[in-house]
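First comes the structure, then the notes that go with it.
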Amino acid sequence: MDSILVTGNGPLNGKIPIAGAKNACLALMPVTLLTDQPVTLTNAPILSDIKTAEALLSSLGTEVSFLNGGKVLVMSSHNLKSSHADYDIVRKMRASNLVLGPLLARTGEAVVSLPGGCAIGARPMDLHIGALEALGATIELKEGYLHAKSNGRLKAGTFEMRMASVGATENFIMAAALANGTSVLKNAAKEPEIVDLVKCLRSMGAQITGEGSSTVEIQGVDTLGGTTHPVVVDRIELGTYMIAPAMAGGQVDLIGGKKNLLGQFWNSLERSGLEISETADGIRAKRVNEIIKAVDVKTEVYPGFATDLQAQFMALMCLADGTSFLEETLFENRFMHAPELIRMGAKIDVQGGIAKVQGVSKLKAAPVMATDLRASVSLILAGLAAEGETKVARVYHLDRGYENLVSKLSNVGAKIERISDNV
Ligand code: UD1
């Protein structure tokens, strides 16, 4: 298994190109199931999660080819052969559940494994089920699989979510795009990845309004055509690399970055003392002040502070001048980076959903590992600012969501390398 070695090496300077969004691409790939015409995604990120999604789609009969080194995905579902999303794939990646809505809409049935728990919490599926039942589907749970059926074409319906789930919003929109009549989703999630999904669906002929607001209206159409769609920029990769100079010092240009994707995160980072500005081709993050200010944050649905940036922000707050409180409201078990950061000298006390972080003047290298993607990258960030060589194990988590992490960071002056523990 590979590890990453990272050594605090002073300020970072240069440019980091930001890839297409993993989470957008994982919602855009199932769109191919809604049409027998080819769907091409450009600006796709090169990540193991995308390979997992490819394996899932291939198992259903979709033809997927990667062009341009993996940056372009050409998919065709003209010859679907299965409606069965197997446990072995779904357990690897929860976003596999995004085939449920489109498969059901296109074929009238979908058998999709329940994803099971994951490192960050239980992550139930009740909202996905409720959303599709509102469109006339019947859904039963048998032997760990959701069996969804529709008697003919799905029928338009209205569904109000008790909490704004990103995935359930995506499943509802994709399924309703082919339903008979006009469907309405209330308390919909507003994340930029949903706006990107709707942009793609619209280019295929879907009739949708209200995306990015809490009420989305979908007028079902008989068929959808093919399209070529560029995947939106990854706001979580962007936010992660903005924190790198905030911790290590220096000035980094995030190419392709956009302020309007970041919501509350931008303000929180600015309040911590980082100088951030928009440039002609992205965002500039510059550390001018030696002092990192303590900032309290509470994770919320977009445009609130993204839960997927909480671990990275905690790494920054470990070096703040003062005490900050980080509250996690979306996932019950999302502080597993805290014990690892503590091993690097951080002072963190977790009580329920709140972490109290007392800033220290220095972090010190240690061997660390994490159990999820964003937690893992928070340890890389901590390593960039720590004294000595930090060894981060379980690199496969990072491969799920950070394209070329080592080369992107070494290009701005970080001392970082990937090693194989087997040699
Ligand atoms: C997506 C993102 C993930 C991010 C999360 C929250 C993808 C592929 N993943 O995950 O990186 O951390 O949004 O921004 O886009 N919930 C229920 N019942 C359901 C569905 C969700 O109770 O049926 C709860 C979850 O347990 C969680 C909250 O709703 O507490 C938000 O989850 P959700 O928005 O669905 O996250 P995902 O779409 O899985």
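Just so you know, in segment 30-59 the residues that are touching a strand residue (DSSP E or B) at 6+ places or on another chain (Cβ under 7 Å) and part of a helix (DSSP H, G or I) include one that is nearest to Asp86 (Cα to Cα), and it is Leu56. Every condition in (1) closer than 21 Å to Gly401 by Cα; (2) more than 10 Å from the ligand (Cβ to nearest atom) is met by Ile342 except one, and the failing one is (1). Candidates are the residues of segment 384-397 that are under 23 Å from Cys318 (Cα atoms) and modelled with pLDDT under 95; the one that is least open to solvent (accessible area, probe 1.4 Å) is Val395.
From the list Val360, Val412, Val368, which one is open to solvent by less than 10 Å² (accessible area, probe 1.4 Å), farther than 20 Å from Thr299 by Cα and assigned to a loop (DSSP other than H, G, I, E, B)?
The conditions single out Val412.
Close Cβ contacts (under 9 Å, 6 or more residues apart or on different chains) running from residues in segment 14-38 that are more than 15 Å from the ligand (Cβ to nearest atom) and open to solvent by less than 10 Å² (accessible area, probe 1.4 Å) to residues that are in a helix (DSSP H, G or I) and of a type in the set (Ser, Thr, Tyr) comprise Ile16/Tyr241; Leu33/Thr107.
With segment 104-210 as the region, which helices (runs of 4 or more DSSP H) entirely inside it contain at least 1 residues that are closer than 28 Å to Leu262 by Cα, within 15 Å of the ligand (Cβ to nearest atom) and among the β-branched types (Val, Ile, Thr)? Spell out how you get there, then give the answer.
Values: elements: 126-133, 166-176, 192-203.
Result: 166-176, 192-203.
Considering segment 282-338, and only residues there that are away from the ligand (no atom under 16 Å from the Cβ), modelled with pLDDT under 95 and under 24 Å from Ile18 (Cβ atoms), the residue that is farthest from the chain's Cα centre (by Cα) turns out to be Val288. The number of residues in segment 232-284 being of a type in the set (Asp, Glu) and open to solvent by 30 Å² or more (accessible area, probe 1.4 Å) comes to 4.
The values are calculated or read from the model by the stated rules, or taken from the named source; none is laboratory data. These numbers were taken from a predicted model, which means no experiment stands behind them. All Cβ positions, even for glycine, are placed from backbone atoms using ideal geometry, and neighbour counts span all protein chains on display. In case anyone asks, the SASA skips ligands and DNA or RNA and just uses the protein heavy atoms, side chains included. Shrake-Rupley method; radii C 1.70, N 1.55, O 1.52, S 1.80 Å.
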